[in-house]
Structures are given as C-alpha cells and as structure tokens.
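FYI, it's all coordinate maths here, none of it is from the lab. The model shown is predicted, which means the values in this text are computed figures rather than measured ones. Cβ sites come from the backbone with ideal geometry, for glycine too, and all protein chains shown count toward neighbours.
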Amino acid sequence: MRLAVILLYVILLMLTFLSIICGTVSFYTTIILYTTGALILFLVTSIISKATGLKSNTSNINLTITSICLTLCVADLGLRYLIKPTAYFNYNERNGALVYNSNSIRQKFSSINHHFWKKGGQIGWIYANPADNTRWVSKTEYRYLHGFNHDGLRTDSIPLAKKKNEVRILTLGDSFTEGIGAPGDSTWPVLLQQQLAKTSSDTVYTVINAGVSGSDPFFELYLLKGRMLKYNPDIVIVATNASDINDIAERGGFERFAANGEVSLTASPWWEPIYGASIIFRMVVRNVFHYTFNLVPEKEEVQRKVKAADKLVDAIEGFNQLSKASKFKLVVVLHPMLNELQGNKFELAGTQKILERDSILNIDLYSDYQDYFSAHHLKAENYFWPIDLHQNSAGYLIWSQIVFSKMKGQKVI
C-alpha cells in the first residue's frame with residue numbers, strides 16, 4: 001500500500017513537472033502542492049521532535065497536518081471546479097479551460113518558446129497561427145472553426161500580383177480582428193469587404209485579414225514588415241485596444257526582440273505556479289497583499305500601464321514611419337472593451353489625443369459606439385459575449401459599418 005502511494009505521488013510529480021514546463025498548471029498540480037506541503041511539515045516535525053526528544057505527540061501532529069492539508073486541497077479543487085469564482089480566473093479559465101496557462105511560466109521553466117513565435121525572414125520574430133491549418137475555437141458560449149492560409153492568417157490566400165483597379169486593405173490586430181466570437185463570414189474585415197463590394201465604384205477592393213489572436217502592435221508591425229508587405233497593401237488598418245496595454249506591459253516593446261532571435265517576456269513572480277494551482281492562494285494574494293490580475297502590486301500596475309501606453313505610441317509611430325517608406329495609407333482603429341463602454345471610461349483616450357496631435361489618421365470606436373448605441377437605444381452588452389467579452393457577429397457588423405463610413409468620410413476610400 002505504501003509503495004502504491006509513493007508510486008502515485010511520483011507519477012503526479014512528474015506530470016506536474018512536465019505540465020509546468022509547458023506553462024500549464026492542472027488539478028494534479030494542486031494535489032502535489034498540498035501533498036508536498038504536508039511532507040515538508042512532516043519532515044520539520046520529525047526534525048524538531050528528534051532535536052527536543054519529544055516524540056509522544058508526533059503522530060497527533062502528523063494527523064493534524066494531514067487533516068488540514070487534505071481539507072485545503074479539497075476546498076481548493078471545489079472552488080475551482082464547482083463554485084468557480086470567476087473573479088479569480090484568467091481568461092481561459094473563465095471560458096471553460098480546466099487548467100491555468102501562462103507564457104511567463106513557460107519561458108521561466110523551459111527553453112522551448114511559445115509555438116506561435118516563429119522566426120521569419122531577416123527581421124526577427126513573427127507571431128502568427130500555424131500555416132495551412134484549422135483550429136476549433138471552443139468557449140463556454142460558442143464554438144467556431146478557424147481556417148488559416150499559408151501565412152497563418154484567417155483569410156483567403158492572396159496572389160502577389162494585383163488586379164487592375166484593385167485596392168488592397170490590410171487589417172492588423174489581435175483576437176478582435178481575427179474574429180474570435182464569430183464565424184468566418186462575420187469577422188469585421190470580411191463584413192468591411194462586403195460593405196466595399198456594394199459601392200458603385202469601378203475599384204476592386206480586397207480586404208486581407210492579418211489579425212492574430214494574442215498579438216499586439218509590436219508583433220503586428222513585425223508581421224507587416226516580414227510577411228505582409230509583399231502583397232503591396234494600399235491601406236493598412238491597425239486595430240488596438242486596452243488589452244494591448246497589458247500585453248505590452250508583460251512583453252515589453254521593441255526590446256522584447258532579443259539579438260539571439262528569441263522573444264523575452266517580463267519575468268513573472270516565482271510563486272506564479274502556486275498561484276495557478278490554488279484558488280485560495282489567489283484570494284490571499286489579491287485581497288491581502290493587493291496584487292492585481294497581472295500579478296504585480298497595485299501601485300506598480302499604474303506605473304506599468306503608463307510605460308506601456310508610451311510604448312504603444314512608439315509602435316504606432318513605427319507603423320507611421322513604415323507607411324511613408326512603403327507608401328500606404330495608415331488608419332489606426334482604437335476600439336473599446338465592454339467594461340469601458342459600461343463604465344464610460346476609455347483607457348486609450350490619451351493615445352487617441354496623441355494620434356490627433358501627430359496627425360495620424362484614427363477612428364475612435366469608443367465615441368462612435370457610444371453615439372451609435374445612444375442614437376438607436378441599444379445596449380452595448382448585447383453586442384459582446386458576456387463571459388468571453390469578445391464581440392459577437394452583430395457587434396462586428398456595427399464595427400465594419402462605422403469603419404466603412406469613417407474611411408469614406410475621410411476620403412481614405
């Protein structure tokens with residue numbers, strides 16, 4: 001019996017080690033956490049009892065330790081899988097994932113980089129999906145199949161040579177531009193293509209969707225330089241939102257692209273695997289020590305966001321300089337998250353003012369959404385998935401209509 005217990009512990013320990021290397025913390029990590037904690041306490045108790053000569057109460061102490069650790073382990077697993085306090089869950093967990101995933105843990109414990117980060121061309125790292133592939137995006141609220149072309153993008157394959165009178169519009173962005181939360185025919189780039197097709201102009205418009213879930217403006221700039229300029233876009237639309245601020249705070253700006261060809265993330269706290277394994281630990285970290293969702297103290301979070309916002313402007317300026325060198329029109333779309341619309345506070349308001357100051361053409365979807373919903377007596381939450389928080393097909397339709405109208409009004413098209 002004892003041998004079987006030891007063997008089970010070793011197996012779970014190996015599974016935990018392998019999962020952490022891959023940046024994943026699962027239920028068996030929680031079991032290992034409390035089991036290892038109990039073993040350490042047993043050892044400490046044994047050492048103290050031998051040093052003091054008091055061995056009579058060792059069994060009772062060990063029984064108490066076992067009871068406490070077992071109770072905490074069961075409580076932790078019950079919180080995660082039964083009660084599900086989503087305020088302490090990350091994005092994937094809120095959407096039904098049974099494990100905690102972290103790129104920072106993956107980087108810290110493994111020399112194997114994220115499988116999306118693949119070196120491309122002469123300019124460094126390219127962030128894209130696996131080429132010529134499909135993937136089911138399954139969340140609590142929806143399930144859609146995403147297909148990717150030879151560039152790893154959710155769009156049709158595009159020939160290098162342009163047609164006569166063809167104008168190519170390239171859209172760059174993260175999951176909102178890839179179209180998470182909608183089928184392939186209802187992403188905002190596809191719907192924009194449909195809007196353009198209805199115009200009476202002799203111009204043939206082709207919209208290329210280069211949005212990649214999890215990307216940010218720095219990766220998008222490198223994607224444009226390394227893989228998309230060959231299509232000679234006439235207009236490049238860069239969509240950005242508040243999640244980019246968090247991404248840049250974690251990944252850094254241009255400094256993330258190391259000379260050795262690797263992408264280096266900002267280091268996370270050493271205790272992140274424990275945070276991933278224990279909901280109880282998360283509650284203590286968040287409520288007692290006042291760490292934020294990004295695992296930094298609240299005061300530091302404010303400073304990180306200020307620096308990240310400055311770096312976001314640097315990325316946009318990189319697009320601006322490239323637009324002049326490559327002779328395409330640049331349009332920056334600043335779009336809100338649901339909580340910003342509900343709270344009447346746009347995190348990218350400062351960025352938008354800087355773009356206006358620098359005469360960089362931009363579309364402020366936060367203000368446009370507020371005006372649209374107010375004029376039509378609509379509620380913003382009806383156009384976003386309530387758990388996932390991406391926009392739904394109806395939301396992406398409004399997005400495409402506003403972008404089309406604004407671009408036409410500003411004579412971009």
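Observations on the structure shown:
- Taking 0.36 nm per residue of separation and subtracting the current Cα-Cα distance, fully stretching the chain between residue 6 and residue 97 would add 29.8 nm.
- With respect to the chain, whose longest principal axis is taken over its alpha-carbon atoms, helix 188-197 is tilted by about 10°.
- Cβ-based exposure ranking for 3, 265, in which fewest neighbours within 10 Å come first: 3, 265
- If you take all other residues with their beta carbon under 15 Å from the beta carbon of residue 81, and give Lys and Arg +1 and Asp and Glu -1, the sum is +2.
- 20 Å Cα-Cα reach of residue 327 towards lysines, excluding residues that sit fewer than 8 places from it in its own chain: 162, 163, 164, 225, 230, 408, 411
- Nearest 10 degrees, 0 to 90: helix 365-375 Cα axis against the chain principal axis: 80
- For the chain, the longest principal axis of the alpha carbon atoms and the long axis of helix 393-409 meet at an angle near 40°.
- Exposure proxy order (Cβ contacts within 10 Å, fewest to most) of 71, 45: 71, 45
- Candidates 361, 33, 160, ranked by Gaussian network fluctuation over the chain, Cα under 10 Å, top entry: 160
- Helices in the chain, meaning DSSP H runs of at least 4 residues, each add -39500 (n - 2.57). Divided by all residues, the mean residue ellipticity at 222 nm is -15000 deg cm²/dmol.
- Efficiency of FRET between residue 82 and residue 284 - r from beta-carbon atoms, R0 35 angstrom, step 0.05: 0.95
- Label point at residue 353 placed 7 Å out along Cα→Cβ; residues across the stretch 244-280 whose backbone nitrogen lies under 19 Å: 245
- With a simple spin-label model that places each label point 7 Å from the Cα along the Cα-to-Cβ direction, the separation between residue 317 and residue 204 comes to 4.0 nm.
- Each Lys or Arg adds one and each Asp or Glu subtracts one; over the other residues with Cβ under 9 Å from the Cβ of residue 346, this totals -2.
- Dividing the C-alpha radius of gyration of the stretch 344-411 by 2.2 N^0.38 Å, with N its residue count, gives 1.20.
- Volume per residue for the stretch 2-101 equals 120 cubic angstrom (convex hull of Cα atoms).
- Count Lys and Arg as plus one, Asp and Glu as minus one, and take only other residues whose Cβ is under 12 Å from that of residue 290; the net charge is then -1.
- Taking other Cβ atoms within 10 Å as a rough exposure proxy, 200, 374 sort from fewest to most as 200, 374.
- A value for P(r) over Cα pairs in 20 Å bins from 0, in percent was derived from the coordinates, and within the list (i) 23, 47, 18, 7, 4, 0; (ii) 28, 59, 13, 0; (iii) 23, 51, 19, 6, 0 it appears as (iii).
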